[in-house]
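Trainee: So that we are looking at the same thing, I have put the structure below in structure tokens.
The values are calculated or read from the model by the stated rules, or taken from the named source; none is laboratory data. Since the model is a prediction, treat every value here as computed from it, not as a measurement. Cβ sites come from the backbone with ideal geometry, for glycine too, and all protein chains shown count toward neighbours. Note: areas computed on protein heavy atoms with side chains; ligands, DNA, RNA excluded. Shrake-Rupley method; radii C 1.70, N 1.55, O 1.52, S 1.80 Å.
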Amino acid sequence: MLKIRDLMEVPTLYELMIAPEVYPFVRQKAATVDEFYFSTKQTIEAEDRGELISRTILDEYQQPIGTINLFDIEENYGFLATWIGKPYFGKGYNRQAKDAFFYELFTTKGIDGIFLKVQKSNKRSIKAVLKLPYATFANELYDSMYKRVNATSNEAIYDLFVITKEHYMSYQQFHSEADISSDEEVS
């Protein structure tokens, strides 16, 4: 489902990224495949330095279909950025990728929280975030961060959400316990 980024996947990911339904919402835009090679190389190097965490999202045939990233890591919090190619919209890949990525971040990478900065105009992403039962609307809860992500505009163009390690792990524990107890037979 997820793998460490490499340069071999660049041509496939580039073609998926430049679709008009995807490109406006991609954080690391590239106008050409060469720019995308350069950007991907920089991403790989930045991860080696501990500045970010980036993974390629794969389909069931191990083909690259998008990326999921944690950027701007500061005090064990970072910003999530994810995109999936248009042919894969609505097929559950986004949710599966997030679950795998969050589990990795919270259990092996020492991350305490993940911010999601979503353009108010990006209805698809707002809908996806609202499906995450462990995500919290954070415009007021993290007011200083909310103001920071909207500082470059006269009006707020982003909503802020947060996923904390505590909420995520509690949700996972509750569901794994519910799964175990629902498998019991009653006679």
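Trainee: Counting just the Cα atoms, what span does region 104-146 cover along each of its three principal axes? Round to the nearest Å and put the largest first.
Mentor: Computed over the Cα atoms, the extents are 34, 24, 15 Å.
Trainee: Suppose every K and R has +1 on its Cβ and every D and E has -1 on its Cβ; what is the size of the dipole of the chain about the Cα centre, in Debye to the nearest 20?
Mentor: For this selection, approximately 760 debye.
Trainee: What is the distance, in nm, between label points placed 7 Å from the Cα along the Cα-to-Cβ direction at residue 3 and at residue 173?
Mentor: Here the modelled spin labels are 3.5 nm apart.
Trainee: Rounded to a whole number, what % of the accessible area of the chain do carbon and sulfur atoms account for, probe 1.4 Å?
Mentor: Roughly 52 percent, rounded to a whole number.
Trainee: Under 14 Å between alpha carbons, and skipping anything fewer than 8 positions from residue 91 in its own chain: which aspartates and glutamates qualify?
Mentor: Partners within reach: 59, 60.
Trainee: Taking R0 as 22 Å, what FRET efficiency do you get between residue 103 and residue 51 from their Cβ-Cβ distance, rounded to the nearest 0.05?
Mentor: 0.55
Trainee: For region 77-127, I need the span (max minus min coordinate) of the C-alpha atoms along each principal axis, in Å, sorted largest to smallest.
Mentor: Principal axes ranked by extent give 32, 23, 14 Å for the Cα atoms.
Trainee: Quick one: work out Rg over Rh on the C-alpha atoms of region 1-78, Rh as Kirkwood radius.
Mentor: Rg divided by Rh gives 0.96.
Trainee: Roll a 1.4 Å probe over the protein chains and send me the accessible area per residue for the chain in Å².
Mentor: Per residue, the chain has 58 Å² of solvent-accessible surface.
Trainee: Something else: If each residue of separation counts as 0.36 nm, what is the full-extension length gain between residue 124 and residue 37 once their alpha-carbon separation is subtracted?
Mentor: 28.6 nm
Trainee: Just the number, please: Stokes-Einstein D of the chain in µm²/s, Kirkwood Rh from C-alpha pairs, 37 °C, 0.692 mPa s.
Mentor: 187
Trainee: Hey, what did the chain get for relative contact order, percent, Cα under 8 Å, at least 6 apart?
Mentor: For the chain, the relative contact order is 17 percent.
Trainee: Something else: Report relative contact order for region 47-148 in percent, whole number only (criteria: Cα-Cα under 8 Å, sequence separation at least 6).
Mentor: Contact order relative to length: 18 percent.
Trainee: Then there's this: Comparing 107, 67, 164, which has the greatest mean-square fluctuation in the GNM of the chain with Cα pairs linked when under 10 Å apart?
Mentor: In this elastic network of the chain, the residue with the biggest mean-square fluctuation among 107, 67, 164 is 107.
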